[in-house]
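Trainee: This is the structure I want to talk about, given as structure tokens.
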Amino acid sequence: MFFTDPQRTPDPEAVAQTLPRGAAVVYRAFGAADALDRARRLRAIAAKRGLILLIGADARLAAAARAHGVHLPERSMHLAKRLKAAHPAWIVTAAAHGEASARRGARMGADAAVVSPAFSSRSPSAGRPMGPRRLAAVAARAGLPVYALGGINSKNARRLLDVGVAGLAAVEGLARKR
């Protein structure tokens with residue numbers, strides 16, 4: 001999953017062009033004036049490359065851009081069931097920062113939880129990293145597929161698999177169930 005960030009990735013389209021088939025782009029517009037245009041460009045790239053486009057926290061933008069769904073912040077995960085009822089084909093993910101919020105995401109109807117931070121991250125919103133063992137425990141008890149976010153790179157990603165993070169799911173698997 002690639003989460004856009006206007007400060008760290010000012011050209012999300014260029015990044016999206018490099019992602020493997022089945023990956024997800026979570027476009028976070030943060031009120032940008034060109035949000036719909038950018039979302040539509042990302043949707044075109046997603047269609048061409050076999051990617052999943054989720055819009056962060058903005059169901060109207062997701063509908064207008066014909067995205068595959070939305071990613072909700074933890075504080076908004078209560079909207080998951082309502083959004084899925086209004087848009088049955090959508091994938092709805094929710095941010096979670098621990099086991100309790102991941103389990104709440106499952107009860108609220110989210111398709112998956114994005115749990116963070118897995119490792120130390122430069123993100124200004126990142127809290128104390130969970131590490132692979134705690135993340136594995138969260139994934140095992142979450143009640144829905146879990147994606148790890150935060151500080152993951154080619155050197156430490158293997159550590160998640162080494163502790164048996166069986167709850168980590170492929171975005172492509174979510175898309176196939178639609």
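The values are calculated or read from the model by the stated rules, or taken from the named source; none is laboratory data. Keep in mind that what you see is a predicted model, and the values were worked out from it rather than measured. Counting neighbours? That spans all protein chains shown, and the Cβs are built from the backbone with ideal geometry, glycine included.
Trainee: Quick check on Arg103: is it more than 16 Å from Val146 (Cβ to Cβ), out of contact with any Cys (no Cβ under 7 Å at 6 or more places or on another chain), of a type outside the set (Gly, Ala, Ser) and surrounded by fewer than 21 Cβ atoms within 10 Å (Cβ to Cβ)?
Mentor: No: the conditions fail for Arg103.
Trainee: May I pose another question? With Ser116, Ser123 as the choices, which residue is surrounded by fewer than 22 Cβ atoms within 10 Å (Cβ to Cβ), among the polar types (S, T, N, Q), farther than 13 Å from Met77 by Cβ and at pLDDT below 95?
Mentor: Exactly one of Ser116, Ser123 is surrounded by fewer than 22 Cβ atoms within 10 Å (Cβ to Cβ), among the polar types (S, T, N, Q), farther than 13 Å from Met77 by Cβ and at pLDDT below 95, namely Ser123.
Trainee: Here's something else I'd like to know. Would you mention how many residues in region 41-86 are basic (Lys, Arg) and in contact with a strand residue (DSSP E or B) (Cβ under 8 Å, 6 or more places away or on another chain)?
Mentor: Of the residues in that region, 2 qualify.
Trainee: Give me the helices (runs of 4 or more DSSP H) completely within region 50-158, filtered to those with at least 2 residues that are within 21 Å of Ala35 (Cα to Cα) and more than 14 Å from the chain's Cα centre (by Cα), ordered by residue number.
Mentor: 59-65
Trainee: State yes or no: is Met130 at pLDDT below 95 and crowded, with 21+ Cβ neighbours inside 10 Å?
Mentor: Taking the combined requirement at face value, the residue satisfies it.
Trainee: Identify all residues within region 54-78 that are over 16 Å from Ala113 (Cα atoms) and free of Cβ contacts under 8 Å to residues at least 40 places away in the same chain; write none if there are none.
Mentor: Asp58, Ala59, Arg60, Leu61, Ala62, Ala63, Ala64, Ala65, Arg66
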